[in-house]
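The values are calculated or read from the model by the stated rules, or taken from the named source; none is laboratory data. None of these values were measured; they are calculated from a predicted model. Using ideal geometry, Cβ is built from the backbone for each residue, glycine included, and neighbour counts are taken over all protein chains shown. SASA here: full protein model, heavy atoms, side chains in, ligands and nucleic acids out. Shrake-Rupley method; radii C 1.70, N 1.55, O 1.52, S 1.80 Å.
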Amino acid sequence: MKKNMLNLLFLVFLGVGLQAQEIKWMTMNEALEAQEKKPKKIFLDAYTTWCGPCKMLDRNTFSNKDVASFINKHYYPVKFNAEGTEKIEYKERIFENPGYDPNRRGRNSQHDFARAIKITAYPSLVFFDEKGELIGPIPGYRTPHQLELFLKLFLEEDYKKITTPEAFKEYSNNFENEFEVAN
């Protein structure tokens, strides 16, 4: 009986620990509302249901405890289906997906908000400042270390100092990763 109770407690603590390492995703509307109360940058994952690299990003990068912890602490994290039906109110405008076909398998119509924020590939990682202004999208899959560079680049506003590809290369070469990555 005592052993069973200890096992149960271990599983509960393990579950709490795992849960604490997950990104607390929200909608874009929720993030914009949260910004009004407490200004913080927004990190948006623009994905589609059919996108293989999007699923890899969830499995390999967003599941990393350091990535999840950093995003939860410093950003409002948004999960956005760029071919979905969510209604988004942004900059006094309503964005929808009027071309969405619920019977369609695979690719669907692109959401108007995805077009507005210049999504050209999936996945795309999009950054917004504390006032909800678009900073820009980063297209493509990223490992935890690759994403760490961008998360810190935008958080610390170093991107404002980088004006050439050479300057970004220098920044990237001098960047020291701190996130742990499992082998």
Modelled label-to-label distance, K24 and E176, 7 Å Cα→beta-carbon offset: nm? 3.1 nm
For the chain, what D do you get in µm² per second when you plug the Kirkwood radius from alpha-carbon pairs into Stokes-Einstein at 4 °C and 1.567 mPa s? 72 µm²/s
Which percent, nearest 5, of DSSP beta bridges in the chain are antiparallel? 60 percent
Estimate the FRET efficiency between N103 and D58 by the formula 1/(1 + (r/R0)^6), using the beta-carbon distance for r and 35 Å for R0, to the nearest 0.05. 0.85
Rolling a 1.4 Å sphere over the protein heavy atoms, what is the accessible area per residue of the chain, to the nearest Å²? 61 Å²
Per residue of segment 166-172, in order, report the coupling 6.51 cos²θ - 1.76 cosθ + 1.60 (Karplus, θ = phi - 60°) as ³J(HN,Hα) in whole Hz, putting x for Gly and Pro. 5, 5, 5, 4, 5, 4, 4
Solvent accessible area, Å² - E180, 1.4 Å probe, full protein context: 120 Å²
To the nearest 500 deg cm²/dmol, what mean residue ellipticity at 222 nm is calculated for the chain from DSSP H runs of n ≥ 4 alone, each contributing -39,500 (n - 2.57), summed and divided by the residues? -11500 deg cm²/dmol
For the chain, which whole percent of the accessible surface, found with a 1.4 angstrom probe, sits on carbon and sulfur atoms? 53 percent
